[in-house]
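Read through the structure below, which is laid out as structure tokens, and then see the notes.
We did not get these values from a lab; they are worked out from the coordinates using the rules stated. Treat the numbers as computed from the prediction; the structure is a model and nothing was measured. Cβ placement follows ideal geometry from the backbone for every residue including glycine, while neighbour counts extend to all protein chains displayed.
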Amino acid sequence: MRTFLLVFFSVLSLTGHAQLDWVVDHPGTIVYTLDLKNVQQHELRITADFPAVSPGVFTVRMPQSSPGRYAQHNFAKNVYDLKAYSASGKELSVYPSDVAEWRIAGHGGSVKLVYTLFANGGDGTYSGIDARKLHLNMPATFLYGDELNDRPIILKIKEGQQPDWTMASQLVPLPFTHYGSRDRAAPNYAYFYDSPTLVGTIMRGEFAVENPDGKTQMIELAMMHEGTRAEFDAYLAWTKDVVLTQQRVFGELPDFDYGRYTFLCAYNPWIGGDGMEHRNSTICSASTSLAEAAERLIGTVSHEFFHCWNVERIRPASLEPFNFDHANVSGELWFAEGFTSYFDDLSLVRAGIQSPEDYAAGLTNQLNYVLLSPGRQHRGPIAMSQQAPFVDAATANDPDNFGNTFVSYYPYGSTIGLALDLELRARGQRLDDVMQLMWQRYGKTEIPYHIRDIQLVVGAVAGDQSWAEAWFMRHIYNSELPDFAPYFAEYGLTLRQEQPDSVAFYGLRLRERDGVVSVVRPVPENSPLYAAGLDVDSEIISLNGVSVASTDDWDEVVRDLKIGQTYALKFEQLGVEKTGSFVAVASPKLILQVNKTANAKALIRRASWLNPQ
């Protein structure tokens with residue numbers, strides 16, 4: 001096939017190490033061996049042995065998409081010095097046939113590839129190689145052999161190199177003895193590419209969690225950080241609190257494929273910031289330390305672990321089969337990512353890690369972004385989700401208008417989740433019940449879902465399919481959101497305009513340089529200055545007849561404006577002096593606060609929502 005299509009983990013019914021014993025002896029097992037000689041130059045020399053290749057032309061490719069990401073990436077740009085050899089050691093010609101594809105003929109049924117990979121950008125998408133570590137995202141690291149999707153794979157490190165470095169990964173250790181092994185295995189490429197791997201100096205801890213059926217799952221925290229063991233142990237305790245809190249949402253942990261889930265955390269100055277979910281593991285990285293940012297970092301842990309249910313197993317059909325050669329387009333990310341975002345901070349409050357006041361502050365920022373963004377006038381949550389290939393760490397050289405046309409499906413979906421939870425609670429149910437039923441119908445069974453399936457689950461939980469249909473029509477197929485203030489009031493929370501009488505709202509980002517004040521970002525469509533004709537790079541000359549030569553000048557004039565009155569604005573745009581007018585308006589910026597004098601009923605409702613379940 002021209003494209004590399006894989007149904008994620010459809011063959012992963014294996015459990016336990018013993019059932020991978022056949023990997024070592026399988027005649028088609030693919031072996032990758034890492035040569036660490038040049039890691040200080042950010043280079044890996046990688047040997048890939050393909051022992052059983054079909055006759056004819058053998059095609060190898062570098063992936064262009066990665067599990068957990070929704071955009072396309074040019075991983076092949078960092079592959080060079082690619083050579084191929086037959087079983088007899090004869091060098092074979094390698095013909096580039098596409099941007100990330102090479103073809104090899106005359107191989108005689110066996111091919112050894114040797115290539116160099118440069119990588120100096122480690123995070124959840126890209127690999128990082130240096131004298132401190134290997135931080136490997138597998139699609140950014142390893143070429144694959146076409147039509148060998150179902151072969152077992154072994155990953156090895158060349159003997160004697162960096163002997164003090166250990167490996168952490170959801171890959172299964174060989175010879176199936178301990179997770180400190182540096183030889184790891186995967187049953188197929190789908191699992192291999194979904195298994196980010198850390199190699200270096202790693203601090204480790206683990207705990208066991210028992211499911212209601214009595215089966216125990218091991219949860220491991222493997223971390224590269226510059227802090228102390230005491231800091232690590234405190235973070236491990238928080239991680240356990242998050243895991244147990246989220247287990248209560250669904251009623252059980254997933255049955256991890258090999259009985260283990262691994263948090264792969266890198267918190268140090270030599271890594272990029274990211275969080276990326278995988279089937280039995282996650283990468284959580286940040287160029288900071290636990291001492292400086294543990295309370296912020298645990299939020300990523302919470303988000304990514306919730307994904308082991310919602311997206312890894314409760315999985316939209318639009319992501320199946322996952323395509324490693326280009327990005328899948330999904331209209332369900334408002335649920336897969338957005339509802340996960342709703343539960344990540346909620347889990348921290350329920351676990352006692354975050355206070356209700358901090359939770360309200362986080363919701364304040366979220367609501368201001370979602371409710372005040374003009375993008376919802378252009379697209380609803382489904383269409384916003386379908387923009388992921390253009391925004392999810394995607395790159396482009398030309399400007400866009402996303403400030404006016406796009407609202408991230410993370411906070412947008414989280415706000416929809418909040419609205420649905422509060423409306424369900426008013427009816428006597430919870431969003432937790434929706435997630436539990438989605439888990440039972442689509443997660444445990446690993447049956448990919450469609451949007452209508454979510455609607456039917458909501459209707460089943462609410463006991464009213466007509467209500468669910470109307471709700472989805474307003475909020476999912478269209479872009480309405482409810483008035484949140486009355487809902488919050490039922491829980492002793494107050495949502496109001498932060499400064500309703502004194503501050504005019506412009507949504508501007510201004511820059512002062514050499515006596516010129518210019519606009520540095522596109523003007524929001526819902527700003528009164530948009531109607532006045534102001535645009536990015538416009539240079540402001542005067543406001544209300546007063547000359548503006550600095551941002552202080554601008555702020556001073558703005559303080560004297562009266563809401564509801566019309567004012568003149570003079571500016572230069574593309575070298576042409578222009579004049580426009582606008583009506584000053586009050587800032588719509590919102591603030592959500594915990595009501596310290598809430599009545600007993602509100603406190604009981606708040607506890608049922610935010611307290612440990």
Based on the Cα gyration tensor of the range 510-583, what are the three equivalent ellipsoid semi-axes, each the root of five times an eigenvalue, rounded to whole Å and given largest first? 17, 15, 11
Of the peptides 232-241, 297-306, how do they stack up when ordered by the mean number of other Cβ atoms within 10 Å, highest first? 297-306, 232-241
FRET efficiency (residue 497, residue 573; Cβ distance; R0 35 Å; to 0.05) is 0.65
Do the sum for the chain: with -39,500 (n - 2.57) for every DSSP H run of n ≥ 4, divided by all residues, what is the mean residue ellipticity at 222 nm, to the nearest 500 deg cm²/dmol? -8000 deg cm²/dmol
How would you classify the range 380-535 from its alpha-carbon gyration tensor, with a ≥ b ≥ c the square roots of the eigenvalues: rounded for a/c under 1.5, else prolate if a/b is greater than b/c, otherwise oblate? oblate
Based on alpha-carbon centroids, what's the gap between the range 559-613 and the range 314-391 in Å, whole number please? 23
For a quick protection proxy, order the peptides 106-112, 329-335, 87-93, 59-65 by their average other-Cβ count within 10 Å, most packed first. 329-335, 59-65, 106-112, 87-93
Excluding residues fewer than 8 places away in the same chain, name every one of the aspartates and glutamates whose C-alpha is closer than 15 Å to that of residue 589. 483, 498, 501
Could you list 279, 441 in order of exposure, starting from the residue whose Cβ has the fewest other Cβ atoms within 10 Å? 441, 279
Förster radius 35 Å - calculated FRET efficiency between residue 93 and residue 440, Cβ distance, rounded to 0.05: 0.05
Residue separation between residue 470 and residue 355 times 0.36 nm, minus their alpha-carbon distance, gives in nm 37.9 nm
Dipole magnitude of the chain about its Cα centre (Cβ charges: Lys, Arg +1; Asp, Glu -1), debye to nearest 20: 640
Beyond 31 Å, what share of the Cα-Cα pairs of the chain is found? Please give it as a whole percent. 57
With θ taken as phi - 60° and the coefficients 6.51, -1.76 and 1.60, list the Karplus ³J(HN,Hα) couplings across the range 271-287 in order, rounded to whole Hz; mark glycine and proline as x. 9, x, x, 5, x, 9, 7, 9, 4, 10, 6, 8, 9, 10, 9, 6, 8
Counting alpha carbon pairs within less than 8 Å and at least 6 residues apart, what relative contact order, in whole percent, applies to the range 322-420? 51
Starting with the highest mean, order 456-467, 401-412 by the number of other Cβ atoms within 10 Å, averaged over the residues of each peptide. 401-412, 456-467
